[in-house]
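K.L.:
Let me begin by handing over the structure; questions about it come next.
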Amino acid sequence: PNSTNSSQDPNTNARTISILDQMCKYYDQMGDQWRTLAYRRGISTLRKQSQKITTKEEAAALPFIGTRLAEKIEEIVLTDRLRRLDSTREDPTDQTLRLFMGVYGAGLSQANTWIQSGYSTLDDLVAKAKLTDSQKIGIEHYEDFATRIPRAEVQAHGDFVRGAIARIDPGFQVTVMGSYRRGAKDSGDIDLIITKPGAKISLLRTVVFETLVPRLLAAGFLKCTLATSHRTNDGTKWLGASCLPGSRIWRRLDLLLVPESEMGASLIYFTGNDIFNRSLRLLASKKGMRLNQRGLYKDVIRGKSREKLKEGILVEGRSEKKIFEILGVPWRLPTERIC
Ligand code: DCP
Ligand code: MG
Ligand code: MN
């Protein structure tokens, strides 16, 4: 007998989920937090179903799925598409908005400002808009930055940085983070954590900002600096672009400098995904604690609207596993941290 009974296939609602997911991403981009959350909850419910959900009645009977979402689920099953999603795809203003939001450093409000100024193409921006240096690079390398990076290339960029820093100080460690650590087959950018066991953050900063980055810029591997917190007191970030020898495609590269004592919290933060991080932070806050990329803190005093009044005492920063333990969350492999 055939063992693949479609009604028991764990991906039985995969098509519906994929379309709802695109709708959710659209609302997220548009800054519609309420709808984004509603879609996220609905999608997460749908993922847990072993039966195919085909009618709006079936859908609406499930937790976190209201009438509107239920109707959309039925529409997808019946027509294999969602008119609401198609209409945003075809709407010229939405298309321009998406085009402009793809410029590095431009968010929703910048993109809207450009549209309101009457611009509708990247050429318009170059010719007429007042652009920051980073935005200029973002436009020049628009295609590059919009292209997904194959996993092997992400690794090659990590290896290049690792090799270069080892020649300066063999005690340094470079870890590839972000979607790569979650096992993704391709990534939007390259996220690296740089650390050195036993070393203070001030040494990491000196080596990276004063030796590594200038050397890699001179060698032509790093192409430009897009943003850096170098000049601020706790500067621990460098954002820019890199390009492998022999390639012409510029890739977005993020470096995060982390002292050993904060590695666990930083591993969690920089592994993501962002939604998983948000849920961990919310959990910490419900338990009277606070989680950020430096550590987990207790005895945080909060005001009426949960705003933080007192920083709290560091409970754990070093170990990823211990932070999960203290929060009471079963250990999740990086590849399982997808919400
Ligand atoms: N991060 C976060 N909140 C944000 C941005 C980032 O918690 N607003 C964390 C979680 C992300 C990690 O930093 O996984 C890296 O950020 P990226 O934007 O590089 O996202 P990913 O690496 O997850 O995906 P991509 O493949 O698109 O780069
Ligand atoms: Mg990334
Ligand atoms: Mn990144």
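Throughout, read-outs are computed from the coordinates displayed, never taken from laboratory work. Computed from a prediction, not measured in an experiment: that's the story for all the values here. Note: ideal-geometry Cβ built from the backbone for every residue, glycine included; neighbour counts use all protein chains shown.
K.L.:
Spin-label point model (7 Å from Cα, Cβ direction): what's the K286 to R167 distance in nm?
P.N.:
Here the answer is 5.1 nm between the modelled labels.
K.L.:
For the chain, find the longest principal axis of its Cα atoms and tell me its angle to the long axis of helix 67-79, 0 to 90°, nearest 10.
P.N.:
Around 80 degrees separate the two axes.
K.L.:
What is the list of residues in region 11-25 whose amide nitrogen lies under 18 Å from a point 7 angstrom out from the Cα of R84, following Cα to Cβ?
P.N.:
Within reach of a label on R84, which here means backbone N under 18 Å from a point 7 Å along Cα→Cβ, region 11-25 contributes 15-25.
K.L.:
With just the Cα atoms of region 164-319, tell me how far they stretch along each of the three principal axes, in Å, largest first.
P.N.:
55, 33, 25
K.L.:
Give me the tail of P(r) for the chain as a percent: Cα-Cα pairs with distance above 29 Å.
P.N.:
Looking at the chain, the distances longer than 29 Å represent 52 percent of pairs.
K.L.:
Can you list the equivalent-ellipsoid semi-axes of region 6-59, largest first and in whole Å, using the square root of 5 times each Cα gyration tensor eigenvalue?
P.N.:
Semi-axis lengths for region 6-59 are 23, 10, 8 Å.
K.L.:
What residues from region 79-95 fall in the zone where the backbone N is under 16 Å from a label point 7 Å along the Cα-to-C-beta line of D32?
P.N.:
Counting only backbone N, you get 82-95.
K.L.:
For helix 33-47, what angle does its Cα long axis make with the longest principal axis of the chain, in degrees from 0 to 90 and rounded to 10?
P.N.:
Roughly 70 degrees between the two axes.
K.L.:
Here is a further query. Per the Kirkwood formula on distinct C-alpha pairs, the Rh of region 251-326 is how many angstrom?
P.N.:
Final number for the Kirkwood radius of region 251-326 is 12.8 Å.
K.L.:
Do you know the relative contact order of the chain, to the nearest whole percent, from alpha carbon pairs under 8 angstrom that are 6+ apart?
P.N.:
10 percent
K.L.:
When the helix-only estimate is applied to the chain (DSSP H runs of n ≥ 4, each -39,500 (n - 2.57), divided by the residue count), what is the mean residue ellipticity at 222 nm, nearest 500 deg cm²/dmol?
P.N.:
Roughly -13500 deg cm²/dmol at 222 nm, from the helical runs in the chain.
K.L.:
Could you tally the net charge around L217, taking each other residue with its Cβ under 14 Å from the Cβ of L217, Lys/Arg +1 and Asp/Glu -1?
P.N.:
Net local charge, L217 excluded: +1.
K.L.:
Starting from 0.36 nm per residue, how many nanometres of slack lie between E71 and D274 once their C-alpha separation is accounted for?
P.N.:
Using 0.36 nm per residue and subtracting the Cα-Cα distance, I get 70.2 nm.
K.L.:
If each residue of separation counts as 0.36 nm, what is the full-extension length gain between K200 and I338 once their alpha-carbon separation is subtracted?
P.N.:
Computed gain between K200 and I338 is 46.5 nm.
K.L.:
Under a point-charge model restricted to the Cβ atoms of Lys and Arg (+1) and Asp and Glu (-1), what is the dipole moment magnitude of the chain relative to its Cα centre, in debye to the nearest 20?
P.N.:
For the chain, the charge dipole is close to 1060 debye.
K.L.:
Next question, about the same structure. Between T147 and K304, how high is the FRET efficiency from 1/(1 + (r/R0)^6) when r is the Cβ-Cβ distance and R₀ = 41 Å? Nearest 0.05.
P.N.:
E between T147 and K304, to the nearest 0.05, is 0.30.
K.L.:
A further question on this structure: Can you give the FRET efficiency to the nearest 0.05 for S44 and E325, using r as the Cβ-Cβ distance and R₀ = 22 Å?
P.N.:
With R0 = 22 Å, the Cβ-Cβ based efficiency is 0.35.
K.L.:
Counting alpha carbon pairs within less than 8 Å and at least 6 residues apart, what relative contact order, in whole percent, applies to region 40-180?
P.N.:
It comes to 13 percent, rounded to a whole number.
K.L.:
Quick one, what does Rg over Rh come out to for region 104-188 if you take C-alpha atoms and the Kirkwood Rh?
P.N.:
For region 104-188, the value is 1.14.
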